[in-house]
1. Please give the number of the condition A:GLY255 fails out of (1) modelled with pLDDT of 90 or more; (2) closer than 20 Å to A:VAL144 by Cβ.
2. Looking at the structure I just gave you, is B:LEU363 open to solvent by less than 30 Å² (accessible area, probe 1.4 Å) and within 19 Å of B:ILE287 (Cα to Cα)?
3. Applying the selection to the stretch B:190-212, what residues are open to solvent by less than 90 Å² (accessible area, probe 1.4 Å) and part of a helix (DSSP H, G or I)?
4. Only one of B:LEU70, B:LEU76 is at pLDDT 95 or above, within 14 Å of another protein chain (Cβ to nearest Cβ) and under 30 Å from A:SER266 (Cβ atoms); which?
5. Working carefully through the options A:TRP250, A:TRP263, find the one that is more than 23 Å from the chain's Cα centre (by Cα), at the interface with another protein chain (Cβ under 8 Å from one of its Cβ atoms), at pLDDT 90 or above and assigned to a helix (DSSP H, G or I).
6. Consider B:ARG348 carefully, then state whether it is out of contact with any Cys (no Cβ under 7 Å at 6 or more places or on another chain), open to solvent by 10 Å² or more (accessible area, probe 1.4 Å), more than 10 Å from chain A (Cβ to nearest Cβ) and of a type in the set (Lys, Arg).
Amino acid sequence: MNSLAARRRHPAAIAILLMLGLFLTGAVYAVVAPKDADATTQALPAQSIEEGRQLFLANCASCHGQNAEGRATGHGDRIAGPALAGVGAAAVDFQVGTGRMPLSGPMVQAPGGQPKFSQPQIDSMAAYIASLAPGPAVPSEEAVDPALGNAAKGGELFRVNCAMCHNAAGAGGALTRGKYAPAIRDISGRHIYQAMVTGPQSMPVFSDANLSPESKRDIISYLTTIDQQEKPGGMALGSLGPVTEGLFAWVFGLGILVACAVWLGSKSA
Amino acid sequence: MNEQDTTHPGSEVAPPSEHGTAVRLDQGHVVGDGGLPERFTNPGLPAHVARMADLDESAARRAEKQVATLFGISILGTLAFIVCYFAISLETTIFVPGIGETSASNFALGVTMALGLLGIGFGAVHWAKTLMPDEEVVEERHPMRASDESRQQVVETLKEGGASSQITRRPMIKYTLGGALGLFALPLVLQVAGSLGPMPQKSNSKTFWNGGPSGPGQDPTFKPLRLMRDPENTPIKAEDVTIGSVFHVMPEGLLPDPVTGTGGTPNLLEEKAKAAVLLMRLDENIIKSQKQRDWGYDGIVAYSKICTHVGCPVGLYEQQTHHLLCPCHQSTFDVTQDAKVIFGPAKRALPQLQITVDGEGYLVSAAPFHEAVGPSFWERGR
């Protein structure tokens, strides 16, 4: 204890103390932070409209209404959840399959995460919503097979139609008022296709009349290609371009130069 | 007047301490009487503090070894660089913690070259800091002025040279040389000014939607042009544009054929940069501007994609809030209010393109842009 007290004026003491404080804060937060409630209901794997309706009533109706007609919050024109007739099976498969729905609370945008339901349960809910009114269906395996697409053409389409929000390398980006375009790296082709065809949340709809199904497959092929390509330079710094690269150069490049200057100027013992 | 005022440069070093060359830092403290002296005496340079290597030969030998080790590291690094250059295949990748999967050759060459350079640098600095003399000395500045004789001599030499070249006696040489040197500046100015290209004239106020190529000196006459998808270059039917959709549009005849790459307009990039248009469909009831409704078609509206701030493409359309966000400086335009600026540095709304449908149901332009698209420029007036 004495030796510790004697070293409290050591130049590294404040840095070590800061690191220790940050580490402790993080550790305490990890223990105390609220966990997501687990609302999974273990249901039979029967894929039926009735099964889907039961799941919908149990998990979605509080916001979307008993008959998926949507519900208002009573505060101006704000809604608790939109009407779901006509959104199609693709929208359900995307929103629930990427963990965006059910939403854990009111927020500007539903974040993706671990899906809360098994695939047969999602299929049942999709079948129920699709039975209300016609809408986009879940795409076939062939429609989303990256091997069948043309990655070069997909890249051209991606840069015109998608890159302004999602970044040329699919790293995502900011929108207005806390909303954001999520990163779309390592996302399954099925979910990419469904997002284009249904336009989840802030994203516009890219219907088959806008981007043909072949063009959509080309885009999936492009995204798969950049997921798999090698990075000869190592750390890509999030593929975010000059902001992260500049910050890296300022912090580490200048930091090393400053450290060298301090060492050069210090007197030798 | 005390003694310090009469000192001249070089004598300011403190007198040597009675303990020899080594001085303890906590010695020499004078207890004051609380009052301020009339003048502060010049303290001079601080006394030299001897280093370990100055006093102890074994410490000096240790420092010598450390410097030699650093130079040795540099030698090994350079040799390793040469070996790695030939030994490691360019295709090999390795996983490096903190960097990730990266090219083995790049990594090895970088690390070995860093060792080679830093070894020399750190060794030299360590040598200077431990072994080279570190006593501070003051050197007096010598007078810079040359002697009067040499100054006179230079003037004479110049005069003599001028006279023997006969430039004063032969005016033809003098004037032609002056003219040649003066004119020689012109080509330098000319190629800078000439390579700026033609003046923009009215081309900043015109786009391809005026009816065709709109470069400097070109004055297209208006004709309705179909709205074409970028980059597929296919026309758009009004029924294709569903609510919530966004189409990236170029005028008919601008883009080359996407398969063969032929056709299209000359000066493709300049024309594209002015003509880019964003096409959206909104529920007509939420459009607040009558002009916007009239210039659109059943809620389908077309706006210039070029930001009125500094000309970035405003492509980030949020289909729920109908906000158009410019990614460069966060200017935000509200499409329900005729693309009015609701946030950010842009000052003007995005110009709307008046559209209608032709006989076959394809969307066409009904008029060119009513104002210059994009950022302000000198002749624009505002």
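The values are calculated or read from the model by the stated rules, or taken from the named source; none is laboratory data. All values derive from a computational prediction rather than experimental measurement. No Cβ is skipped: glycine too gets one built from the backbone with ideal geometry, and neighbour counts run over all protein chains shown. Heavy atoms of the whole protein, side chains included, go into the accessibility calculation; ligands, DNA and RNA do not. Shrake-Rupley method; radii C 1.70, N 1.55, O 1.52, S 1.80 Å.
1. In the conditions (1) modelled with pLDDT of 90 or more; (2) closer than 20 Å to A:VAL144 by Cβ, A:GLY255 misses (2) alone.
2. No; evaluated as a whole, the condition is false for this residue.
3. Across the stretch B:190-212, the qualifying residues are B:ALA193, B:GLY194, B:SER203, B:ASN204, B:SER205, B:PHE208, B:TRP209, B:ASN210.
4. Numbers: B:LEU76 fails: within 14 Å of another protein chain (Cβ to nearest Cβ).
The unique qualifying residue is B:LEU70.
5. From the options A:TRP250, A:TRP263, the qualifying one is A:TRP263.
6. In short, yes.
The rows are residues; the columns are (1) basic (Lys, Arg); (2) more than 12 Å from chain A (Cβ to nearest Cβ); (3) touching a strand residue (DSSP E or B) at 6+ places or on another chain (Cβ under 7 Å).
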site	(1), (2), (3)
B:ASN233	no, no, no
B:ILE236	no, no, yes
B:SER245	no, no, yes
B:HIS248	no, no, yes
B:GLY253	no, yes, no
B:THR262	no, yes, no
B:ASN267	no, yes, no
B:GLU270	no, yes, no
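Every residue, every condition in (1) over 25 Å from A:VAL96 (Cα atoms); (2) touching a Pro at 6+ places or on another chain (Cβ under 8 Å); (3) buried (at least 21 other Cβ atoms within 10 Å of the Cβ), yes or no:
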{"site": "A:ASN167", "(1), (2), (3)": "no, no, no"}
{"site": "A:GLY172", "(1), (2), (3)": "no, yes, no"}
{"site": "A:ARG217", "(1), (2), (3)": "no, yes, yes"}
{"site": "A:ASP227", "(1), (2), (3)": "no, no, no"}
{"site": "A:SER239", "(1), (2), (3)": "yes, no, no"}
{"site": "A:GLY246", "(1), (2), (3)": "yes, no, no"}
{"site": "A:LEU254", "(1), (2), (3)": "yes, no, no"}
